[in-house]
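This report concerns only the one structure given below.
The values are calculated or read from the model by the stated rules, or taken from the named source; none is laboratory data. Computed from a predicted model, the values in this text were never measured in an experiment. Note that we place each Cβ from the backbone using ideal geometry, even for glycine, and neighbour counts take in every protein chain shown.
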Amino acid sequence: MTFADIILDISLEKLDKTFQYMIPEELLSSVHPGTQVVIPFGKGSRRIKGFVVDISHEPKLDIAKIKPICGVVKDSIPIESQLIELAAWMKKNYGSTMNQALKTVIPIKKKQSIKEKKRVVFKLDEKMARDEYASLMARTNHSVAKEELLKALMEKSVIDWDVIVNDMDIPSSIIRDFEKKGFVDVLSDRVFRNPVKADVVDRADIVLNDDQSNVCNRIFTDWLNGDFNNTYLIHGVTGSGKTEVYMEILKKTLDRGKSAIVLIPEIALTYQTVNRFYDRFGDKVSIINSRMTPAERFDQFERAKSGDVSIMVGPRSALFTPFTNLGLIIIDEEHESSYKSEVAPRYHARETAIARAKMNDATVILGSATPSLESYDRAVKGEYILLEMNSRVMERPLPKCEIVDLRDELMSGNRSILSRKLQTAIDDRLKKKEQVMLFLNRRGMMGFISCRACGHVIKCPHCDVSLSLHGGDKLRCHYCGYETQKPKECPECGSKYIGGFKAGTQKVEELVKAQYPSARVLRMDMDTTKGKNGHQDILRAFANHEADILIGTQMIVKGHDFNDVTLVGILAADMSLNASDFHGAERTFQLVTQAAGRAGRGDLAGEVIIQTYQPDNYSVVAAAAQDYKAFYKQEIAYRNLMDYPPASHMLLVLVTSTVENQAMGQAQAIVNLLEKNFDGIRCMGPGDAGIARINDVYRKVIYIKEADYNRLIAYKDQVEKYLLESKEFANTATWFDFDPMSGF
């Protein structure tokens, strides 16, 4: 027998409550997660509608008490059905409970208060109004407020409530008194909160160059042939004009009567990106981001459902915008790790977007100057359609890049984080009134140890990733568990200058201000952007030339156009290169290339200075040359050799408990189970996570490599079944992460 778990209401307060029904044999082929069905409910003959969220073969109560589904709803509302179907897909492919998946795809947890605009409408005709006014004035101690309101309504028959209360300073009780007497009606209109505010709307057509036209024409030709459900990878160098291409494709999408979702990786990108889209499409554009209030987010989803907006811009949560006629999903800077969720279900926006697009016969466009290895590899293999843009707009040259060896700086006596070359270049730009960006690559730092004299990094002898520094001066590999003591001197050259890199953006800011006291300096990092408009205020100030130097982490180097930035200094390229994660070289190439791309985007030529202890590393050399293909060739060979994604898939299983031996016992039981049931499985671990304990919760990890993603799903399903049936380690929790973007 087959059973369906059904939610009766999609109003979100009730998402945690499901009811089980039996699926009649004649409906088996038409009932699946997301299907809207008619079911009997309560006593008597009452029938209501509900949505199927899961299907199973195990009854949750006495079969005699389980009622059958009455039928499938024809022409049901598609969006709720589709989002529930998408949640079921995420549960299967990423591992989570159905409720976790549902709360991800339907992110507004409860209905918010409705914002209304009230109008006061005068009901008295001219004679009645004059008589009432005369009667009021005849009273010795008449109300001045009533007199003013009556006079105003005699002159203008409809006045906004806010104008009366705030501008005229008349108490709301007076309005209510007039309403009771039948003088006025108070009418309310629903007002949606609109977070997008722009001053100028210019809807002129974009003039595309040859590269841009070729990309658009390929996509439009496919559409003319009825081929809408493709995934395209636009690989365009920094400054090649991908945003203009997006806007042209968005225009065609709207012309087809379809809606579109544009994903961006950072809140910091929202300001410039949304303004450019708003300038082109006006009020049809809205945004979603985590810094909006719940009420603002609620209103944006309501606007999308009603058709009030047709383009939604935001980070990965915008993927679940409830458009009923979705035709296009754009993922800008598709290589960004922020597109991977860090909480269950740990979905990747790229794969989830493609799954949702298939449900809508919609197009997915991925765009980046530095595509993820996974996406580019799929494009090379023909799974995606590769479209390339190899030149900057207006034929502007790529910036000149120079690599500075920090080992030489140390040998020459320069202990500053700014190399002599960079100091000279900053002096030059300040004299010319040009702008400078200084990028500190803190991303991916996991406590690696390196030698400042020769650049040697202490690596795992088994996994080719850097060892991480833990308490007690122990170095540990997060992938195989190898452990050794931190050396007191460099094993390569014998230098005592060995340790971690500790400089932060605040320290760099202090150094720059001390060395260039006349320069106006802005810093952009997590500390300076805590406010709701923190990113926007800093970027606007820099764009308006209120600062000469902008210092920051990765949030300053992606997607921004500042025409007068002619110098970019990359202070420590090694910091992501030496992370204890196999993505280290890829992230270094991406960040250095993206940072370099901020220079020379206007009429003035750009210069980039890359500071590193490893000037010969292939990711640094390829980034300096802006040569993605050279980097891909080297990196894919390494991934193939080590069997890392995309050469193979990887499943990380994380087991947590407040009792360490419970966590280890559960993790070992999972390994034993999988090795018993699957021949040839490759389990690494269990071992301590990168941070072995957080808030007194112990964390154990297992890594499994497998070329076939479906086999990883089978492993996950086997573990989930075991966890439901086994009570041996009841005080543990188990989590899954497919193709993890960061180590645990």
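In the stretch 17-88, counting only strands (runs of 3 or more DSSP E) that sit wholly within it, none holds 3 or more residues that are touching a His at 6+ places or on another chain (Cβ under 6 Å).
Residues in the stretch 65-124 that are farther than 18 Å from Arg356 by Cβ and buried (at least 20 other Cβ atoms within 10 Å of the Cβ) were compared, and the one that is modelled with the highest pLDDT is Ile69. Looking at the stretch 575-594, is at least one residue in contact with a His (Cβ under 7 Å, 6 or more places away or on another chain) and either closer than 25 Å to Glu334 by Cβ or surrounded by 23 or more Cβ atoms within 10 Å (Cβ to Cβ) (or both)? Yes, the stretch 575-594 contains a residue that is in contact with a His (Cβ under 7 Å, 6 or more places away or on another chain) and either closer than 25 Å to Glu334 by Cβ or surrounded by 23 or more Cβ atoms within 10 Å (Cβ to Cβ) (or both). Taken over the stretch 701-744, the residue count meeting the criterion of being closer than 17 Å to Ala344 by Cα, in contact with a helix residue (DSSP H, G or I) (Cβ under 9 Å, 6 or more places away or on another chain) and among the charged types (D, E, K, R) is 4. Residues that are aliphatic (A, V, I, L, M) and farther than 30 Å from Ser375 by Cβ within the stretch 642-676 comprise Val655, Val659, Ala663, Met664, Ala667, Ala669, Ile670, Val671, Leu673, listed in sequence order. Which one is farthest from Ala88 (Cα to Cα) among residues in the stretch 39-64 that are hydrophobic (A, V, I, L, M, F, W, C) and surrounded by fewer than 16 Cβ atoms within 10 Å (Cβ to Cβ)? Only one residue tops the list, namely Ala64. For the stretch 288-300, name all the residues that are in a helix (DSSP H, G or I) and either charged (D, E, K, R) or over 25 Å from Lys530 (Cα atoms) (or both). Of everything in the stretch 288-300, those that are in a helix (DSSP H, G or I) and either charged (D, E, K, R) or over 25 Å from Lys530 (Cα atoms) (or both) turn out to be Glu296, Arg297, Asp299.
So in the stretch 194-211, with the set limited to residues that are surrounded by 14 or more Cβ atoms within 10 Å (Cβ to Cβ) and touching an Asp or Glu at 6+ places or on another chain (Cβ under 6 Å), which one is modelled with the lowest pLDDT? Checking each candidate, the answer is Pro195. Do we find a residue being without any contact (Cβ under 8 Å) to a residue 24 or more places away in the chain, out of contact with any strand residue (DSSP E or B) (no Cβ under 7 Å at 6 or more places or on another chain) and either in a helix (DSSP H, G or I) or buried (at least 21 other Cβ atoms within 10 Å of the Cβ) (or both) anywhere in the stretch 638-651? Yes, the stretch 638-651 has at least one match. Against the definition (surrounded by fewer than 17 Cβ atoms within 10 Å (Cβ to Cβ), assigned by TED's automatic domain parsing to the domain that holds Leu366 and either more than 23 Å from Phe589 (Cβ to Cβ) or touching an Asp or Glu at 6+ places or on another chain (Cβ under 9 Å) (or both)), how does Asp222 come out, yes or no? Yes, satisfied.
Ile498 satisfies every condition listed in (1) under 25 Å from Tyr613 (Cα atoms); (2) modelled with pLDDT of 90 or more except (2). Counting only residues that are within 21 Å of Gly257 (Cβ to Cβ) and of a type in the set (Phe, Trp, Tyr), which one in the stretch 297-332 is modelled with the highest pLDDT? Step by step, filter the stretch 297-332, then rank; the result is Phe323. Would you call Arg711 in a strand (DSSP E or B) and either touching a Lys or Arg at 6+ places or on another chain (Cβ under 9 Å) or surrounded by fewer than 17 Cβ atoms within 10 Å (Cβ to Cβ) (or both)? So Arg711 does not fit the description; no.
For the stretch 611-633, residues that are of a type in the set (A, V, I, L, M, F, W, C) and outside any helix (DSSP H, G or I) total 1.
Matching residues to (1) closer than 22 Å to Ser450 by Cβ; (2) of a type in the set (S, T, N, Q):
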position: Leu539; (1), (2): no, no
position: His583; (1), (2): yes, no
position: Gln590; (1), (2): yes, yes
position: Pro615; (1), (2): yes, no
position: Gln626; (1), (2): no, yes
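Do we find a residue being on the phi < 0 side of the Ramachandran plot and in contact with a Ser or Thr (Cβ under 6 Å, 6 or more places away or on another chain) anywhere in the stretch 372-383? Checked the stretch 372-383: no residue is on the phi < 0 side of the Ramachandran plot and in contact with a Ser or Thr (Cβ under 6 Å, 6 or more places away or on another chain). Every condition in (1) farther than 13 Å from Ile264 by Cβ; (2) at pLDDT 85 or above; (3) touching a Pro at 6+ places or on another chain (Cβ under 8 Å); (4) of a type in the set (A, V, I, L, M) holds for Met292 except the one numbered (2). How many of the residues in the stretch 652-678 are surrounded by fewer than 19 Cβ atoms within 10 Å (Cβ to Cβ) and outside any helix (DSSP H, G or I)? Going through the stretch 652-678 one residue at a time, the tally reaches 3. Across the stretch 252-287, the number of residues qualifying as out of contact with any strand residue (DSSP E or B) (no Cβ under 7 Å at 6 or more places or on another chain), closer than 20 Å to Pro322 by Cα, in a helix (DSSP H, G or I) and modelled with pLDDT of 90 or more comes to 2.
Here Asp62, Asp54 are screened, and the one residue that is acidic (Asp, Glu) and either closer than 26 Å to Ser317 by Cα or at pLDDT below 85 (or both) is Asp54.
Among the residues that make up the stretch 331-343, is at least one of them over 14 Å from the mean Cα position of the chain (by Cα) and among the aliphatic types (A, V, I, L, M)? Checking the stretch 331-343: not a single residue is over 14 Å from the mean Cα position of the chain (by Cα) and among the aliphatic types (A, V, I, L, M).
Residue check: is Leu12 modelled with pLDDT of 90 or more and out of contact with any strand residue (DSSP E or B) (no Cβ under 8 Å at 6 or more places or on another chain)? The answer is no for Leu12.
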